[in-house]
Amino acid sequence: MNHSNTAGRTAFSQWQLTVLVIMAGMGGMYFYPENFGRWSLALLAAGIAIALISMSMLSRCYSCSASKSFPALLKERLGYLPAKIILAGTAVYFASEICCITVRQTHMTELFLLEKTPPQVILAVTLLTVCFIITSGIRQVARTAELLFPAIILPLVFIIAMALFCTDYGELLPLLRPNDLPDNIIGQSLMPLSGISATAYFAGYYSKSRLKRSLLGGSAVLSVFCLLILICCAGVFSIEGTRHLTFPLTELSRVVSIGRISLNHRFDILYIMIYNAVTVLTAGIMLYCCCISLCGVFSVKSHSCFCFLLLPVIYILSYLSLADDSIIQIISAYGKAVFLMGLVPVIFIAGSVQKYREAKAQA
């Protein structure tokens, strides 16, 4: 698929773009236990603020530009060589995000669902599925996300709603009285909204008149889910209890009940199915962004070739990360910080300077 030629006719509906924004960030909603603590609420608020400001800047950048793709926007605002260097860096960042998401999904599926299945097989099936859904580009991902969105959101809303009835709100008080700052402030504050940086790669394909509404709307929905998940996990398991759970949301799905009717008998299977669907969609969006970054680096028009070339590379990296994923977590944490707090503001400032110069020259 020639992404440069089809960008003009790859028009999303407003709903599809909003769903894409939500799906791009949902993979980061599942907290690691070491990321849970007294500062979680404050760090989540900081992450939400950063995400909303970045999305506002991004929509403004596309609205004031004729570019429809992110590589073209970079070249227009920052120049040819800086754009290629940045795109190479973003390719590494998105590859690390894919590894983080797929490794987490593999561990969960192996632990709760397929205990006798080798993790390498689970990982391979996941990556092959991810590769398949992006062969036709971001439009296919958008349609898949739109189709699966109700099946993903409704059970998740049900789990959260039932968990709120089991929540001890007294356990939330430590969140309002944080003490020592955590070590990895950047990673913890931006992790729940990590995939939202991917929206830069498909936002330009949508009608620019209503772009800001979709970007901010999707970010706001994602932020609400992150907040509810934080409240439910802390209220049901306590802060310290959540820190000792490898997969807090999976354990949360086991305690769901309505009155005397217990629904926790293997109810986690439904949640794992939701999580697997989220993993495929989020990783698919990330893989698309990675391929488009490489297309910009090597001046290639079709992203399909990079899709199949990246598959074995990402599989090897993910396989190595099954034992120790600390390196990819570091790249992921600081990569999203540089993207949201560095790259997007730089593009916004560069565009504002260019617009000011053009207005001054015309005057």
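The values are calculated or read from the model by the stated rules, or taken from the named source; none is laboratory data. All figures in this text were calculated on a predicted structure; none of them were measured in a lab. Heads up, the Cβs are rebuilt from the backbone with ideal geometry, glycines too, and the neighbour counts pull from every protein chain shown.
Brief remarks on what is shown
- Test set (1) over 19 Å from TYR288 (Cβ atoms); (2) in contact with a helix residue (DSSP H, G or I) (Cβ under 8 Å, 6 or more places away or on another chain) - VAL157 fails condition number: (2)
- Candidate set from segment 104-119 (those that are out of contact with any helix residue (DSSP H, G or I) (no Cβ under 7 Å at 6 or more places or on another chain), touching a residue at least 24 places away in the same chain (Cβ under 8 Å) and not aliphatic (A, V, I, L, M)); member that is surrounded by the most Cβ atoms within 10 Å (Cβ to Cβ): ARG104
- Number of the condition not met by LEU181 [criteria: (1) under 19 Å from the mean Cα position of the chain (by Cα); (2) at pLDDT below 85]: (1)
- Exactly one residue among VAL297, VAL255 is over 17 Å from ILE98 (Cα atoms), at pLDDT 85 or above and surrounded by fewer than 21 Cβ atoms within 10 Å (Cβ to Cβ), and that residue is VAL297.
- Of the residues PHE339, PHE298, the single one that is free of Cβ contacts under 8 Å to residues at least 12 places away in the same chain and farther than 17 Å from LEU127 by Cβ is PHE298.
- Selected residue (only one of GLY47, GLY37, GLY28 is crowded, with 19+ Cβ neighbours inside 10 Å, over 19 Å from the mean Cα position of the chain (by Cα) and either basic (Lys, Arg) or at pLDDT below 85 (or both)): GLY37
- SER59 vs. criteria of a type outside the set (A, V, I, L, M, F, W, C), part of a helix (DSSP H, G or I) and modelled with pLDDT under 90: yes
- Among the residues of segment 72-103, those identified as under 30 Å from LEU320 (Cβ atoms) and surrounded by fewer than 20 Cβ atoms within 10 Å (Cβ to Cβ) are LYS84, ILE85, ALA88, GLY89, VAL92.
For (1) at pLDDT below 85; (2) surrounded by fewer than 18 Cβ atoms within 10 Å (Cβ to Cβ), each residue gets a yes or a no:
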{"site": "VAL224", "(1), (2)": "no, yes"}
{"site": "PHE247", "(1), (2)": "yes, no"}
{"site": "LEU270", "(1), (2)": "yes, yes"}
{"site": "ILE292", "(1), (2)": "no, no"}
{"site": "HIS303", "(1), (2)": "yes, no"}
{"site": "PHE308", "(1), (2)": "yes, yes"}
{"site": "PRO312", "(1), (2)": "no, yes"}
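- Failed item in (1) more than 21 Å from the chain's Cα centre (by Cα); (2) modelled with pLDDT of 85 or more, with ASN276 passing the rest: (1)
- Taken over segment 51-71, the criterion of being closer than 22 Å to CYS290 by Cβ and either buried (at least 19 other Cβ atoms within 10 Å of the Cβ) or free of Cβ contacts under 8 Å to residues at least 12 places away in the same chain (or both) is satisfied by ALA51, SER54, MET55, LEU58, CYS61, TYR62, LYS68, SER69, PHE70, PRO71.
- Failed item, numbered, when HIS265 is tested on (1) at pLDDT below 80; (2) in a helix (DSSP H, G or I); (3) over 30 Å from SER136 (Cβ atoms): (2)
- Counting only helices (runs of 4 or more DSSP H) that sit completely within segment 62-138, those holding 1 or more residues that are among the polar types (S, T, N, Q) correspond to 80-112, 119-133.
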